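Let me begin by presenting the structure, written as structure tokens, before commenting on it.
The values are calculated or read from the model by the stated rules, or taken from the named source; none is laboratory data. Worth saying up front: this structure is predicted, and the values here are computed from it rather than measured. Ideal geometry is used to build each Cβ from the backbone, glycine not excepted, and the neighbour counts take in all protein chains shown. Accessible surface areas use protein heavy atoms only, side chains included; no ligands, DNA or RNA. Shrake-Rupley method; radii C 1.70, N 1.55, O 1.52, S 1.80 Å.
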Amino acid sequence: MPREHYRVEKWEAYPFPGAAVPFLVLLPDNASDKNPVPVLFCIPGSDQTKEELAGETSPDLDQPSVQQPGNNAMAFHYVRQGWAAIVVDNAGTGEEGDAEHAAGRSSHDYENLARFLLEMDWSWLGYTSYADQCILDWVKTRPWAQKKPYYPQRLLPGNGTHDGSGQPEPGYLCLRI
């Protein structure tokens, strides 16, 4: 979907057959194979969704974006600075928590998800990390992504605010690709 000075795309990764992991890609208008841009991988905290970090109002992207996104709309703020932003929910949250909503339970039912994953010989963190790695591998094949080594940035837990410095905020996991 085109937005002012960037576009937002919705993709799905399939780390396992039948296991869809939706994610958003925010690309500045100038991103292309002739002009690759740096990429930031954004993962919201446990009480937010990828749409909130992207400044979007709907998982379907069929509504206009938020008029004045808040300080924690990290992906929105970075794409406006010329970075591409990849935004993915943690396992069991956001769209991946829709089954919990339909069942009348919390959208953050980590206990049942963790139990199901353990029954399949996976931990919650292992599954989430593997799904994120699949998306990261895909991003590295995109012509608009700068082909530089990536490095993780260790961030402190908490709800930081975006101060316009171009630096990732405390409270969110970010990888510059």
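Brief remarks follow.
- Heavy-atom accessible area order for Ser129, Ser32, Ser58, largest first, 1.4 Å probe: Ser129, Ser32, Ser58
- Ordered from highest to lowest accessible area with the whole protein assembly present and a 1.4 Å probe, Trp11, Trp83 read as Trp11, Trp83.
- Cα pair count fraction exceeding 17 Å, expressed as % - region 1-92: 46
- Rounded to the nearest 10 Å², the accessible area of Arg142 at probe 1.4 Å: 60
- Relative packing of 21-28, 35-42, which averages over residues the other C-beta atoms within 10 Å, highest first: 21-28, 35-42
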